[in-house]
Amino acid sequence: MKEALDNANQELKRVDHLYYVSLKYTRTVDMMKHMVERLISTFSFGIESLLKHAKDEKKIDEIPGNLGLRCKLVLETFPGEEIADYMNLYLKLRKILRAKYTKREEYRRHVTMTATIDNGEVVEINIDNLKEHYETVKNFIKLVKVIEEGEEEED
């Protein structure tokens, strides 16, 4: 549990470096893709940490290996709109990473990665929304820490 959370924090440091250093100087879609990979990895470690906590608390019996099942189990074990929003972003980032994409304005401030996911939905990833996703992932990891350090008992 603690190890997964530590791994998530290490990944956040890497994302921070990618955003503030690497992306600032290279401004390429490949750098954006690396950042999305790291965000997904951070989410994965956070999800693993939540599930290990739930298992220690005897809320679940086992942790599935499949990432889709893990998300579903997190949603069932920790109900709430906030967790649902985080899981939706996680799944969306995974779809973006696997989707075919195009590049626009590389080496410029408005470098954009345009991916087509699901049933033709077009998603644009740029420096500004990468920053938003980065902040969202940081908030998710903070929530995981709060849950692990002692969630309020519900009746």
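Using the rule -39500 (n - 2.57) for each DSSP H run of four or more residues, divided by the residues of the chain, the 222 nm mean residue ellipticity is -22000 deg cm²/dmol.
In the elastic network of the chain, a GNM with C-alpha springs shorter than 10 Å, the most mobile of LEU50, LEU97, LEU12 is LEU97.
Averaging the Cα positions of each part gives two centres, and for segment 56-132 and segment 2-43 these lie 14 Å apart. As a rough guide to protection, the peptides 138-149, 115-126 ranked by mean Cβ packing within 10 Å, highest first, stand as 138-149, 115-126. Computed over the chain with a Gaussian network model linking Cα atoms closer than 10 Å, the most mobile of HIS110, HIS133, HIS53 is HIS110.
Relative to the longest principal axis of the Cα atoms of the chain, the long axis of helix 67-77 makes an angle of roughly 50 degrees.
Between their Cα atoms, which of LYS55/LYS92; LYS52/LYS103; LYS72/LYS138; LYS92/LYS145; LYS55/LYS103 are more than 31 Å away from each other?
Those over the limit are LYS52/LYS103; LYS55/LYS103.
Our estimate of slack between LEU67 and LYS95, defined as 0.36 nm per intervening residue step minus the Cα-Cα distance, is 8.8 nm. Looking at the P(r) of segment 10-119, how many percent of alpha-carbon pairs lie beyond 20 Å? Percent of Cα pairs beyond 20 Å in segment 10-119: 50.
Laboratory data are not the source of any read-out in this text; all were calculated from the coordinates shown. In this text the structure is predicted, and so the values were computed from the model without any measurement. Glycine gets a Cβ as well: all are built from the backbone with ideal geometry, and neighbour counts include every protein chain shown.
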